[in-house]
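Heads up: the structure comes next, in structure tokens.
FYI, it's all coordinate maths here, none of it is from the lab. Quick caveat: nothing in here was measured; it's all calculated off a predicted structure.
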Amino acid sequence: MNERSGAWVRIAGVLGLGLALAGCAAGGGWAAGALALMAAAMLAVSGCSSSHSPEDGTWQECCVEGRIDTCFCPADAICNYGWYNDCGDGTCTDPSTMCPVVDAGVPDDAGGSWESCCVEGRIDTCFCPAGTACNYGWYESCGDGTCAPRGGACPDLDAGVPGDAGGTWESCCVEGRIDTCFCPAGVACNYGWYNDCGDGTCTDPTTMCPAIDAGPPDAGGSWGPCCVDGVITTCHCPPGVACNYWFVECGEGTCADPRGSCPP
């Protein structure tokens, strides 16, 4: 017999006792009998009240205000209390929110390695477990410790060129120093038209570099940029000679033969 059935049996027994007492009352004491019945019913009902029983439902783990707790789920109800992220130490988040990053360190015997990675736009160091291809290096280094996802655009640089404007950055001569300038897509910027004078200095193509030991001072001719051993330098072209110092500029002062290609 379950608890609920036993409760009704108790109610019936007490009611019977009340009726018997009412019948024994002198002078047809219906009032006393009624009082006895009411008292019996109250005692019986009070004996039936209790907290949730297993038959009413189940207690399940749940996430309440960021802490793992226990919640009651009524019978025949789909409460889905288990839909949360267990973040450890008794904390939790809803299923759509990631657990906070915990700097708990990595056990010495965990295996794996620490690799450079891009975290929220900053270059950081992330742990890659042994046997895992983490691909942390798939990011664009934007300088000054900043980064962008692979295929993404770095923040705008000093040149004020939008990241999605298209074009290339090329070596150029700015106020006598070799620098890097942006050339929009479809534009012939001719930034390479300068004389590389060495030590990061340069002149415009119509101005000779300061005298060096490369040739006699009064030899005539002109000095122009050329490619020597993969590095852009300045070469002398004697008067009346078509020197054709043709080369492919590869950036950062490097170059390649016009019939070849820049190193990867």
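For C250, what residues show an amide H to amide H distance below 5 Å, using hydrogens built from the backbone and excluding near sequence neighbours?
For C250, whose amide H was placed from the backbone, the distant partners under 5 Å are C255, A256.
Could you give me the ³J(HN,Hα) list for region 222-227, computed from phi with Karplus coefficients 6.51, -1.76, 1.60 and θ = phi - 60°, whole Hz, x at Gly and Pro?
Working through the residues one at a time gives 8, 9, x, x, 8, 10 Hz.
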